[in-house]
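Below is one structure; the comments refer to it alone.
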Ligand code: SAH
């Protein structure tokens, strides 16, 4: 068994059970891609069993902090079983959910989503790549499912020196699937869609949005970065009179239209715009168009902390514009899925957007990823998705119309 020796003082994060070893922390030791190594402190004390990634800045990812544990097929079977069992404890309300969420489930570099009878897996580290066939066998055996599609096309694969791979590993057939989430149906395509096909992590927020639509009787709703129309369908199902959805992806817009029809909503209640959100928001301001509920769920502007400053400006911009076209008493659901933007920083960005727009607002909810995208106390990076629900205050001296 090969060993990786850390520099003095660099053992601290591992002692707190954080599973990443950065290249700069290593004093000596190399191994093959995905090979299991013994990570030890400068004075040779055991810290963890890890998978080596020769070309990644995250040079090793810890499988286990227990010296007695062996990294073999039984190890992966046990971790997968634990992840599946944990999902029985979570409130999910859908037949689409995340079965394995990387580090939080003790399997760094592995994401597995389940859409009805189909598993979709993403192997994004050398370690998971090396153990792929063991992982696939365990997933199929333990779920009893026959179809597994690989979506190893995330950009992080290139940081690991791994090529993009997609396609059926087990089973075959149609990659289009319709899931039942809460009270509605959503169609997706596991081969063509973003990520593994769908943004499962926003499930609880979609339900919350439907609840707000029902309680506050939304009339005009704007869903920005609507993808395949999840929040649109949620709002319509909550009784919203009309929803305008904006996305710059033509295929996403087409599927969003199909999802509105799939749920039996009249097309006259929905307008779909294949357009840029920022430009559209500016146009709405020019045209004097306002909304009484807005969703802002943009793509990842800051994948890492290094991108945070530029991303902060982009987040502030769209939030300022959205707050400007929101009616007093209107509701804004605003998100950041950037790992490089903390919840605290996101709050500050939204606050300064409000100041610039001359708008104050109540924060009525703090949102995060759905529970099948769990966070653990030892892996704070797991908190990538954060959201705020705001209710816009009327101008000073005025009262709410509602
Ligand atoms: N809210 C969605 C997920 C949004 S993902 C859901 O619940 O499913 C982010 C979306 O933003 C993607 O669909 C992407 O196509 C879109 N997008 C990215 N940049 C954009 C831009 N400048 N203008 C409009 N849409 C954009």
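The table for this structure:
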item: Separation between Cα centres of segment 342-371 and segment 230-294, rounded to whole Å; result: 23
item: Stretch gain in nm, segment residue 261-residue 314, where the contour uses 0.36 nm per residue and the Cα spacing is subtracted; result: 15.8 nm
item: Long-range Cα-Cα pairs in segment 3-64 (distance over 15 Å), rounded percent; result: 35
item: For segment 177-307, projected area of the alpha-carbon convex hull averaged over all directions, nm²; result: 8.5
item: Measure of compaction for segment 47-190 (Cα Rg per 2.2 N^0.38 Å); result: 1.06
item: Rounded to 10°, Cα long-axis angle of helix 250-262 versus longest principal axis of the chain; result: 70
item: For the chain, the spread of Cα positions along each principal axis, largest first, Å; result: 70, 48, 34
item: Debye-sum result for segment 241-373 in log10 I(q)/I(0), which assumes one identical scatterer on each alpha carbon, at q = 0.15, 0.18 Å⁻¹; result: -0.82, -1.14
item: Angle between the chain longest axis and helix 308-324 axis [Cα atoms, degrees, rounded to 10]; result: 20
item: Acute angle (nearest 10 degrees) that the helix 277-287 long axis makes with the longest principal axis of the chain, alpha-carbon atoms; result: 10
item: Centroid-to-centroid separation of segment 375-402 and segment 45-84 [C-alpha atoms, Å]; result: 37
item: Calculated FRET value between residue 172 and residue 396, using beta carbons and R₀ = 45 Å, to 0.05; result: 0.10
item: Hull-based mean projected area of segment 106-261, where the convex hull spans the alpha carbons, in square nanometres; result: 10.1
item: Alpha carbon centroid spacing (whole Å) that separates segment 181-227 from segment 103-171; result: 25
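Coordinate-derived values only; no laboratory data. Keep in mind that what you see is a predicted model, and the values were worked out from it rather than measured. We place every Cβ from the backbone using ideal geometry, glycine too, and count neighbours over all the protein chains shown.
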